[in-house]
Amino acid sequence: MRRTRAIGLGLLGVVAACGQVDFTAREVGPGSADARPAPPVPRVHFTFDTGTFLTGGEVTATCTACPSATPGRPGRGGAALFTGAQDLTVADQPTLRWPALTVAFWVRIDALPVDVTVLASKQLRSASTSLNTWEVYLHSEGELNLGVITDTGWVTLALWPDLGLVGGWHHVAHSYDGTRLRFYVDGVVRGASEAGALDYDDSPFGFGHDVDSGAAFAYLEGALDDVMLFDRVLTEAEVAALATP
C-alpha cells in the first residue's frame, strides 16, 4: 500500500428483513413507489448475516483471525466486527479482474488508526511489494483515500477529514470505467480523476487489513457490512440508492 498523501480537497494527485411476504397484486404506474428500478446485482456480495458470514455470492472469504458477527445498520441484519487484529481475504480469480468495476460497502469506524488502516483492497504483487490494484484506506487524521495502480502510474484521490466518519455508519464506493475514477461517500461523488487501465495479478482481495511484502498490517477498528463488487460502472443514481440507510 502506498502511504503518500494527496495534495488537495476532494481529489487529487497522480503520483506516476425479512418480514412476511405480501403476494397481493398491485398496479404499478410511473408514479408508484414500486416503479423504482430494480437494484443492481453485484457479482460479489458479503451481507455478513447469520449462516452466510463468509459467503459472498460466487466467492468465499477466508480469515487468519476472523471478525465476529455484530448488529449492522438498523433493520439490515448483521455486520462484521473488526477490533484491530482481524482479516478477511478473498482469493483472486481471473474472472474478477474487470476492466470496469464498482466497489461499494458500508463501514463504521470505531477508532482512527495510529498510522493507516485499509478498509478494502485488491492487492498487487503483495508477496514482495506494497502495491494494490485498488485500495480504500484511512489515515490517522481521518483522511479517506482511494488509490489505484494503472498502466500510467499511481493515482490517489484524497478526502480531507471533514466527513465525520468516526462513530457512525457511512457508505463508501468507487467506480472505474477504464478512463475515469470516481470516489463516493454517502452516495455523493467526492472526487474524480482520469486514470489508465488497472494493473492486475493473482494477489487476493483484502478487507479490514492490507498485506505488504507478505506481512499483514493496517487492521481496521470498526465494522463492515454489505461489501459489494460489480463488474460494471454503476450510475450515480444507483450508488446513491445503495447508500440509502
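We did not get these values from a lab; they are worked out from the coordinates using the rules stated. Remember, it's a predicted structure, so these values are computed and weren't measured experimentally. Heads up, the Cβs are rebuilt from the backbone with ideal geometry, glycines too, and the neighbour counts pull from every protein chain shown.
Calculate the radius of gyration of the Cα atoms of region 40-118 to one decimal place, then report Dmax, the largest Cα-Cα distance, as a whole number, both in Å.
Spelled out, the Cα radius of gyration and Dmax of region 40-118 are 13.7, 36 Å.
Using all C-alpha to C-alpha distances in region 49-242, build P(r) with 5 Å bins and read off the rounded percent in each one.
Here the calculated profile for region 49-242 is 1, 8, 17, 22, 23, 18, 9, 2, 0.
Counting pairwise Cα distances across region 37-79, what percent come out greater than 16 angstrom? Mind dumping the intermediate values first?
Values: 405 of 903 pairs.
When all Cα pairs of region 37-79 are counted, 45 percent exceed 16 Å.
Explain nothing, just compute: Karplus ³J(HN,Hα) = 6.51 cos²θ - 1.76 cosθ + 1.60, θ = phi - 60°, for every residue of region 80-96 in order, whole Hz, x for Gly and Pro.
Values per residue, Gly and Pro as x: 9, 9, 10, 10, x, 8, 10, 8, 10, 10, 10, 5, 5, 9, x, 6, 9 Hz.
Can you tell me the order of 155-164, 116-125 when each peptide is scored by its average per-residue count of other Cβ atoms within 10 angstrom, highest first?
Highest to lowest by the protection proxy: 116-125, 155-164.
Multiplying the sequence separation of Ala69 and Leu54 by 0.36 nm and subtracting their Cα-Cα distance, what value in nm do you get?
Here the segment from Ala69 to Leu54 would lengthen by 4.3 nm.
Report, by chain and number, residues whose modeled amide H sits under 5 Å from the one on Asp212, excluding near sequence neighbours (fewer than 5 apart, same chain).
The answer is Phe217.
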